[in-house]
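Here is the structure we will look at.
Nothing in this text is a laboratory measurement; each read-out follows from the coordinates by a stated rule. Predicted model, so just to flag it, every value in this text is computed and none were measured. All Cβ positions, glycine included, derive from the backbone under ideal geometry; neighbour counts span all protein chains shown.
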């Protein structure tokens, strides 16, 4: 079987605190990654300098600039620029495990009939002040939570901090994906894969670390964030799922978030900052 090449796309907006670690972990897997594309989306901090420093050390890294503000535009620019047979999309605060790239390439290489158009894994928050208990509780509500499962299972959506598409998949959905900034772009992508006749696979062993900064959001801000889910489902005319998300899933996650926020405040005894990241 021929070797599949892997590109990793990282949208970045004011990520000076996390982009360096993200790139270091990826570069440690140079044997299984062919290029790393950082999309600078008008960063105002030291993000560009940190990326340039890492690029001087590693030929894998290159930068793409996207002036239209927003994660979806930065994502599209990076995916369009990628040259790999496989295109991974992670966040600037994602911390990949030491075998992440090899796991991705090995799985897709074995899928010789192209059954899976895209794959994703789970994300587990790191640097929590109270450990992992609340993160594990949240996973019970998530379609990507820990359950007894085979190596891969079919899922309707993708997880933006840890997802991989075939290059041909991106070509098939490029004109379908929405450029709206009030929907979940990863959920939109997964549903576009389904609409194009493809399948999304969830790999049980493909786990990355993700920043807990969304967990620090004030409850009102978190509610505004979560209502993007039923809005995304409505965009795809998944009316039954949208109703279930609005009536059951979103309220459950918001209640969990509010309780978690109380624990975080008690653990840190510090003001809770607004969540950063790409708008």
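A few points about this structure:
- Sum of -39500 (n - 2.57) over DSSP H runs of 4+, divided by residues of the chain (222 nm, nearest 500): -11500 deg cm²/dmol
- Burial ordering of 183, 263, fewest other beta-carbon atoms within 10 Å first: 263, 183
- Put simply, the convex hull of the Cα atoms in the chain casts, on average, a shadow of 14.2 nm².
- Ranked list, fewest to most other Cβ atoms within 10 Å of each Cβ, for 60, 6: 60, 6
- When both bridge partners sit in segment 6-268, DSSP labels roughly 35% of those beta bridges antiparallel.
- Separation in nanometres of the label points that stand 7 Å from Cα toward Cβ, at residue 24 and residue 263: 2.9
- Counting 0.36 nm for each residue step from residue 224 to residue 125 and taking away their Cα separation leaves a gain of 33.6 nm.
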